[in-house]
Amino acid sequence: MTTRFREHLVKLIAVPTRLAACVCLLACVLAATAASASTAPPSPVSANFPGLASRDIDSPPDPSVAMSPTQIVEVVRGRMQVYNRNGGAACAIIDLNDFFDNQPGEDVLTAPRVIYDNASGKFTVMVAAQQPPPPPSLPHEPFVDFVKLAHNSTSDACSDEWFKYTLRAPVSDTPPLIADGSFIDEPAIGQDPALLLFGATLFDRNGAFSSFVAFSYPKSCAYSRGCSASFQVFPTRHYAAPASSAGNPMITTENGYYVASVPGTGYELYRMADNGTSFAFQATIASGQSVVPPPRDAIQPGTSNRISLHAASPDLSTRITSSPVFDGSRIWFTHETGSGIHPSVRYGAINPANNTVATEIVYHNATSDDFNPSLAVGVNGASRTIYLNWAFTDPGGGMPVSPAIAAVTIGATGPPPPVIGKDTTLIAGGITNDAQYGEYSSVSVDPRSPSQVCAVTAQEYFDFANNGKWATRIALFGIPGC
């Protein structure tokens, strides 16, 4: 079944009541076709437990998660938690302002992200640092605190042995890419064996959009106490998310890659080279499945308030917020899009050798609204396992915002299959009138297995029963018992 035909079937969900029986039949045909199209049944879940819930001062949580062979680290707005693999708390919740020794009146720390480097055995935690502008009468250093970073110095992430530092970009008047008082937000982090890679949006001192930027920092310096390397900041045409290298150990690559979605066109590909000192636009890549925004915000059963997907802003609603993954030959990515009358998820892969792309559609069922996706890629010889995570509502089934996961295994050069009705719901969410939903979720591969047959994920849902707040759900999924 072609994507166009599937989308026409979804459009029929909006027909009058007298055609309800026909809609039901079409939904059954759709589900049966999807079952034959996907290469894997719903993924076994080995662990499924509550993560951090939001606080009034930092809602929604916007989770990011990574894992070592023994521990899972989750960061949300303002806090960090370390878990054992079974979900038990390994230590007390860590306040990120305290963690980064932030004093009152210093930088506002936002949008934390965490990754794990399976070559060095280190977690890296990143937060954007928004500096309050200094009084005009006071002298200040000609630098902008872009991001604050920390990595663990022992295998125990609960240890106090974390090395913390700040990447400070020089204020430049020629060219005026970074003006005095600028700050970055909406940061993304990726990595290859040599570099930490970053993408973000640059704002001026008044909070107005300035540009999209990309930059990097060498791990050789990041992991060395007393080392301070300069770094360059490069502009991009659209918001470009940095890719992480897959594999265990991590795949060596000549270039670091960045991918941007371009509504109505396709994708932009950039490459970082020469240990982060050069950055180049590689290609605009047209897509056979056009990058279109969600046709509307997501419907929430039980309330007239819809989950905001920024549907009226194509550049924002289709943005790639989960770092892509380079598997050695292709760069995998995911983002929100539209499918018929429903918000849905698209994922796919770019071949940087010939600047081509192949994409497919993802959704829970024929009546669901699907959004906030992320992915990871497991490399096992000639096979690739694509681990997907997203959230959905099901207006037809009365399901509020709930987290879903799925995994498909294909050949190293195989096309991405559609993922329709082949997901596992981690927990049923609760009804809320809150329309302010997060913009980040997270998936990363379990480094304990060289064959990369397991992943950890974190997604948001509304926990009405326990705390009446947006909360996070963490799960391990892949092969049974992973």
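For segment 303-318, a residue qualifies if it is buried (at least 16 other Cβ atoms within 10 Å of the Cβ), assigned to a loop (DSSP other than H, G, I, E, B) and either small (Gly, Ala, Ser) or touching a residue at least 40 places away in the same chain (Cβ under 8 Å) (or both), and the qualifying residues are Arg306, Ser308, Leu309, Ala311, Thr318. When segment 41-71 is examined, which residues are found to be under 16 Å from Ile405 (Cα atoms) and of a type in the set (Val, Ile, Thr)? Of everything in segment 41-71, those that are under 16 Å from Ile405 (Cα atoms) and of a type in the set (Val, Ile, Thr) turn out to be Val45, Val65.
Checked against (1) touching a helix residue (DSSP H, G or I) at 6+ places or on another chain (Cβ under 7 Å); (2) crowded, with 24+ Cβ neighbours inside 10 Å, Ser368 passes all but condition (1).
Evaluated against (1) part of a loop (DSSP other than H, G, I, E, B); (2) touching a His at 6+ places or on another chain (Cβ under 8 Å), Val125 falls short on exactly one condition, (1). Return yes or no: is Ala90 more than 26 Å from Leu167 (Cβ to Cβ), hydrophobic (A, V, I, L, M, F, W, C) and at pLDDT 90 or above? Taking the combined requirement at face value, the residue satisfies it.
Do we find a residue being over 23 Å from Ala407 (Cα atoms) and of a type outside the set (A, V, I, L, M) anywhere in segment 439-455? Spell out the reasoning first.
Going residue by residue through segment 439-455, those that are over 23 Å from Ala407 (Cα atoms) are none.
No: zero hits.
Within segment 243-254, the presence of a residue that is more than 20 Å from Trp332 (Cα to Cα), in contact with a Gly (Cβ under 8 Å, 6 or more places away or on another chain) and at pLDDT 95 or above is excluded. The single condition among (1) closer than 30 Å to Asp192 by Cα; (2) outside any strand (DSSP E or B); (3) touching a Phe, Trp or Tyr at 6+ places or on another chain (Cβ under 9 Å) that Gly328 does not satisfy is (3). Against the numbered list (1) modelled with pLDDT of 50 or more; (2) of a type in the set (Asp, Glu); (3) under 27 Å from Thr337 (Cα atoms); (4) surrounded by fewer than 20 Cβ atoms within 10 Å (Cβ to Cβ), Asp62 comes up short only at (4).
Residue-level analysis places Tyr387 outside the set of residues that are in contact with a Ser or Thr (Cβ under 6 Å, 6 or more places away or on another chain) and either touching a residue at least 40 places away in the same chain (Cβ under 8 Å) or within 30 Å of Gly121 (Cα to Cα) (or both). Of note, Ser290 does not satisfy the criterion of being polar (S, T, N, Q), in contact with a Gly (Cβ under 8 Å, 6 or more places away or on another chain) and crowded, with 22+ Cβ neighbours inside 10 Å.
Only a single item in (1) surrounded by 14 or more Cβ atoms within 10 Å (Cβ to Cβ); (2) modelled with pLDDT of 95 or more is not met by Ala280, and it is number (1).
Across segment 365-380, what is the total count of residues that are touching a residue at least 60 places away in the same chain (Cβ under 8 Å) and in a loop (DSSP other than H, G, I, E, B)? So the count comes out to 3. Summed over segment 449-475, the residues that are surrounded by 24 or more Cβ atoms within 10 Å (Cβ to Cβ) and at pLDDT below 90 give a count of 0. Annotation note: of Arg271, Arg225, the sole residue that is closer than 29 Å to Gln452 by Cβ, in contact with a strand residue (DSSP E or B) (Cβ under 9 Å, 6 or more places away or on another chain), touching a residue at least 60 places away in the same chain (Cβ under 8 Å) and of a type in the set (D, E, K, R) is Arg271.
Can you report the number of residues in segment 100-122 which are aromatic (Phe, Trp, Tyr) and farther than 14 Å from Leu195 by Cα?
1
Considering segment 219-277, the residues that are in a strand (DSSP E or B) and of a type in the set (S, T, N, Q) include one that is farthest from Val292 (Cα to Cα), namely Ser245.
Do we have any residue at all in segment 199-211 that's surrounded by 23 or more Cβ atoms within 10 Å (Cβ to Cβ), in contact with a Phe, Trp or Tyr (Cβ under 9 Å, 6 or more places away or on another chain) and of a type outside the set (D, E, K, R)? Yes, that holds for at least one residue. Candidates in segment 191-218 are the residues that are of a type in the set (A, V, I, L, M, F, W, C) and not in a strand (DSSP E or B); of these, the one that is farthest from Ser120 (Cα to Cα) is Ala208. Looking at segment 133-149, can you tell me whether even one residue there is assigned to a strand (DSSP E or B) and surrounded by fewer than 17 Cβ atoms within 10 Å (Cβ to Cβ)? Yes.
Among the residues of segment 170-190, some residue qualifies, meaning at least one is assigned to a strand (DSSP E or B), more than 24 Å from the chain's Cα centre (by Cα) and farther than 16 Å from Tyr270 by Cβ.
Pro294 meets the conditions (1) closer than 25 Å to Phe146 by Cβ; (2) part of a loop (DSSP other than H, G, I, E, B); (3) touching a Leu at 6+ places or on another chain (Cβ under 8 Å) in every case but one. The failed one is (1). Within segment 422-448, the residues that satisfy the criterion of being surrounded by fewer than 20 Cβ atoms within 10 Å (Cβ to Cβ) and either among the aliphatic types (A, V, I, L, M) or closer than 17 Å to Val325 by Cβ (or both) are Ile427, Ala428, Ile431, Ala435.
The values are calculated or read from the model by the stated rules, or taken from the named source; none is laboratory data. This structure is a prediction, so every number in the text was calculated from the model and none was measured. Here Cβ is always computed from backbone atoms with ideal geometry, including for glycine, and neighbour counts include all displayed protein chains.
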